[in-house]
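Only one structure is covered here, and it is reproduced in the block below.
The values are calculated or read from the model by the stated rules, or taken from the named source; none is laboratory data. Just so we're clear, the structure is a prediction, and the values are computed from it rather than from any experiment. Ideal geometry is used to build each Cβ from the backbone, glycine not excepted, and the neighbour counts take in all protein chains shown. Protein only, heavy atoms only, side chains kept; ligands, DNA and RNA dropped before computing areas. Shrake-Rupley method; radii C 1.70, N 1.55, O 1.52, S 1.80 Å.
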Amino acid sequence: MSIRQQCEQAAKEVIEKAKLKKGDVLVVGCSTSEVVGSKIGTNSDPDTAKEIYEGINAAVEKAGVYLAVQCCEHLNRAIVIERAAVPDTDIVNVVPQKKAGGSLATVAYASFIDPVVIEEIKADAGMDIGDTLIGMHLKKVAVPLRIDVKRIGEANLVCARVRPKFIGGVRAVYDETLL
């Protein structure tokens, strides 16, 4: 299976298992270095990023979900997203590049209709390709999401969904549809 196919399949599974709805946000962090078998931050690959973007974007577009792409640590893990997804959020002025933002963020910024960069987001689900640490961009409470796709290329794939916090203690009753 190609990297593009792995990404599309993984994104479809996350969207389905996380029960994402139109307008929800899927955050993706990605080390293309890890995908191609190198150490994170050492071999950023724009061609691989394009395959990853195309695969994930195919799934999110079909579902009506917004894609948020996490930049690398050199841009403090800022987020590239469509302006329409975050109309009332303060934006920051930076254009991701291969060595400052990362290849996937660079491809997303060039591919989105009206891209903006924001410092943070609270997404409804996430895909972490290559151990990039996306947890800071997920709503509370993040829950591991097990899917069939375990790796993208050579990179580990860890996925998450979110659920509302439980409150109330031993007498509380919870809505099973929100779990």
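A Cβ distance below 8 Å, combined with a sequence gap of six or more or placement on separate chains, defines the contacts here; from segment 151-179, residues that are within 17 Å of Lys19 (Cα to Cα) reach residues that are open to solvent by 50 Å² or more (accessible area, probe 1.4 Å) and modelled with pLDDT under 90 in the pairs Arg163/Leu178; Arg163/Leu179; Pro164/Leu178. The residues in segment 72-98 that are touching a helix residue (DSSP H, G or I) at 6+ places or on another chain (Cβ under 7 Å) and open to solvent by 60 Å² or more (accessible area, probe 1.4 Å) can be counted, and the count is 3. If you go through segment 3-39 one residue at a time, how many are out of contact with any Cys (no Cβ under 6 Å at 6 or more places or on another chain) and either in a helix (DSSP H, G or I) or modelled with pLDDT under 95 (or both)? Number satisfying all stated conditions: 18.
List every residue pair whose Cβ atoms lie under 8 Å apart, where the two residues are 6 or more positions apart in sequence or sit on different chains, the first residue falls within segment 78-89 and is touching a residue at least 24 places away in the same chain (Cβ under 8 Å) and assigned to a strand (DSSP E or B), and the second residue, located anywhere, is open to solvent by 40 Å² or more (accessible area, probe 1.4 Å) and among the β-branched types (Val, Ile, Thr). These pairs meet every condition: Glu82/Ile113. Exactly one residue out of Gly29, Gly101 is buried (at least 24 other Cβ atoms within 10 Å of the Cβ) and out of contact with any strand residue (DSSP E or B) (no Cβ under 6 Å at 6 or more places or on another chain), and it is Gly101.
Just need a number here: residues in segment 122-168 that are among the polar types (S, T, N, Q), surrounded by fewer than 22 Cβ atoms within 10 Å (Cβ to Cβ) and more than 17 Å from Ser2 (Cα to Cα). Of the residues in segment 122-168, 0 are among the polar types (S, T, N, Q), surrounded by fewer than 22 Cβ atoms within 10 Å (Cβ to Cβ) and more than 17 Å from Ser2 (Cα to Cα). Against the definition (out of contact with any helix residue (DSSP H, G or I) (no Cβ under 7 Å at 6 or more places or on another chain), loosely packed, with under 13 Cβ neighbours inside 10 Å and aromatic (Phe, Trp, Tyr)), how does Tyr109 come out, yes or no? Taking the combined requirement at face value, the residue does not satisfy it.
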